[in-house]
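**Q** The structure that follows is given in the form of structure tokens.
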């Protein structure tokens, strides 16, 4: 929903990093951007919060396939993939996030919303983004309007609605690594107020990490790590055949299959392996050959694919009680199944490695009632909210095939009475979780969670009859009652499974927002904001004592910012400076990431002060040339941090995935020719070095700084055969930046995608 109003249209294909979504037709002035971050439609420039927004044209122009592409390009948002579970993304805004994105017993700090429905887990974010109308990234705590687990911010995914006019759009693309993608959109004509839109998206891509070695099984291709295959469907229905009534329903399904890389040791040197060997730089050196054969390293065993299925139902009903009052109901149901295989891939030298198979099932439903209204000088929204989440997570552990094959001992499936692996085929060891296996079976544990939360909230913006109506005052308050139950059981083998336990927790609290926004002119405003938020407590899924829960962490934030459009709306310059205080911060502690990488203790300890500066700049240099710059600075301090072993770690504790400096530069040029429009896009994003693993007894694991250069050239608006055509060529990570991104646990490793290129054809009618 982007309106010209009195402003001329400016074409801008990209500007993802600065988050300023604009249209595709070039002119002299920047187009107004409409967002719904405060539960009502308003201009981005009139919204007194730090927010980024971009639309479907940006997604198409930049070749953004999934949410990970957003995190790679934005200086405000980090989205590292979970190693060996690459279908799961962690989310960090302003240095605050949850590294254990697949753990059900610990909640995120960034709220995800699909058409107004909260999604408790980031699983499924790698599904195709093709159906999006707009994405809004709200930075800073959103505890009043969005509630629990939004202390770092919120991301709104807003899908396109049916138009009621017959139309079809097809996107076909292909590139290196045998990649291809197909996205089809079909809008059906209006029938008595009923409108419908259908979308189908498919993609496939080979992997880029080679993992060959002396232990490879003949006949199997080991060059496909990071192979990814997706399919997704969405059906959207809209009814507006009754005056003042609007009904929207949608169903979405996605299926993501990916081949993860093996775990390899990437932690600090010192100490000893499980085989009693000293840890030296030789472990690090193995990582230098990840895109070529490893020359005999013991990392060649087959690792089963990770699979994720997600379903979602959204129902939104709006009724205009009168011209100034609207009642809205938002009902949502979502579930996912996630199947992950992990192998700590001979990381411990000559000792047999550990194979871990994790199955996760989660479902949730929510109901929200909103009342949106306005008076002469007042705009307000109030609501009631209910949320319920249930989940089960099983984890089975085995000795790997190395131990089985070298010892000549086979594991048998008691149903088929056949060996699970006989050393001649790459199949996993008894991946069926139902059947008991011996003798390499180490044990299974299971965690179950039940979350129930309800809230009442209200927020109003008042313009007092003073200062020429240039001052807006916003006050908001939310009450939340949060109940959690969690249990952990094991199958009694207890060889390597965690002990049983149970935790129950209850939390009720108030969160508030207070904003003063002053409009100096029609183009320049400043604001000051104070707000709070919290993340729910939970349990250490992989901790020693499950009966010992950790409490919620609380955040109070102060922010000053400005919004401006200068030089006859040819320059947009926005920014914000913030300070955040986190009390009882939730930290992760890995006592022994070398010998026991599975053990992770989550606990409350100490406080953290986080502060930073964010700048967005966009300028129309000429009618055809647009440039953008966005920059984020972040720093932090800890105080009173005591670890579970009683030691003081105030001076060594770090935030993970929190680069001190990050920036992005974009440039767009459009050249009209006789048959259409030639569009050039270039963007470069850079992130400072940062920690991926910090709080261990073995030191810190650091991700080196890196930059990504992307480009796209397209010929658009070509009329041919009665259709509108677009032809494009694109490249990502053109300079082939090769970065090893370390992750949780000393043996976990992820890698940047190498240089990729391809072509694309789009036609529509």
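**Q** If I go through region 169-195 residue by residue, how many of them are crowded, with 17+ Cβ neighbours inside 10 Å, in contact with a strand residue (DSSP E or B) (Cβ under 6 Å, 6 or more places away or on another chain) and more than 18 Å from residue 761 (Cα to Cα)?
**A** Adding up the residues that qualify gives 4.
**Q** Suppose the filter is at pLDDT 90 or above and either farther than 24 Å from residue 388 by Cα or part of a strand (DSSP E or B) (or both); does residue 434 pass it? Break it down stepwise before answering.
**A** Numbers: at pLDDT 90 or above: no; either farther than 24 Å from residue 388 by Cα or part of a strand (DSSP E or B) (or both): yes.
When the stated conditions are applied, residue 434 does not pass them.
**Q** Condition first: part of a loop (DSSP other than H, G, I, E, B), more than 10 Å from the chain's Cα centre (by Cα) and modelled with pLDDT under 80. Can you find one or more residues in region 42-60 that meet it? Full working, then the answer.
**A** First pass over region 42-60, keeping only residues part of a loop (DSSP other than H, G, I, E, B): 47-50.
Those still in the list that are more than 10 Å from the chain's Cα centre (by Cα) too: 47-50.
If we keep only those that are modelled with pLDDT under 80 as well, we get none.
Scanning region 42-60, I find no residue that is part of a loop (DSSP other than H, G, I, E, B), more than 10 Å from the chain's Cα centre (by Cα) and modelled with pLDDT under 80, so the answer is no.
**Q** Among the residues in region 14-31, are any farther than 23 Å from residue 565 by Cα and either assigned to a strand (DSSP E or B) or at pLDDT 65 or above (or both)?
**A** No; the residues of region 14-31 include none that is farther than 23 Å from residue 565 by Cα and either assigned to a strand (DSSP E or B) or at pLDDT 65 or above (or both).
**Q** Of the residues in region 61-70, how many are buried (at least 22 other Cβ atoms within 10 Å of the Cβ) and part of a helix (DSSP H, G or I)?
**A** Total meeting the criteria: 4.
**Q** Sticking with this one: Can you pull out every residue in region 561-592 that is over 25 Å from the mean Cα position of the chain (by Cα), under 25 Å from residue 610 (Cβ atoms) and at pLDDT below 95?
**A** Passing the criteria: none in range.
Per-residue answers, yes or no, for (1) buried (at least 16 other Cβ atoms within 10 Å of the Cβ); (2) at pLDDT 95 or above; (3) under 27 Å from the mean Cα position of the chain (by Cα); (4) closer than 22 Å to residue 644 by Cβ:
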residue	(1), (2), (3), (4)
472	yes, yes, no, no
478	yes, yes, yes, no
506	no, no, no, no
519	yes, yes, no, no
528	no, yes, no, no
537	yes, no, yes, yes
541	yes, no, yes, yes
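**Q** Scan region 225-246 for residues that are within 29 Å of the chain's Cα centre (by Cα) and either surrounded by 20 or more Cβ atoms within 10 Å (Cβ to Cβ) or closer than 11 Å to residue 161 by Cβ (or both) and jot them down.
**A** 225, 226, 227, 228, 230, 232, 234, 236, 237, 238
**Q** Would you check which residues across region 302-342 are touching a residue at least 24 places away in the same chain (Cβ under 8 Å) and part of a loop (DSSP other than H, G, I, E, B) and list them?
**A** Correct list: 302, 303, 304, 305, 324.
**Q** What's the number of the condition residue 78 fails, among (1) surrounded by fewer than 22 Cβ atoms within 10 Å (Cβ to Cβ); (2) more than 30 Å from residue 519 (Cα to Cα); (3) at pLDDT 80 or above?
**A** The one condition residue 78 does not meet is (1).
The values are calculated or read from the model by the stated rules, or taken from the named source; none is laboratory data. Predicted model only: the values in this text are computed from it and were never measured. Counting neighbours? That spans all protein chains shown, and the Cβs are built from the backbone with ideal geometry, glycine included.
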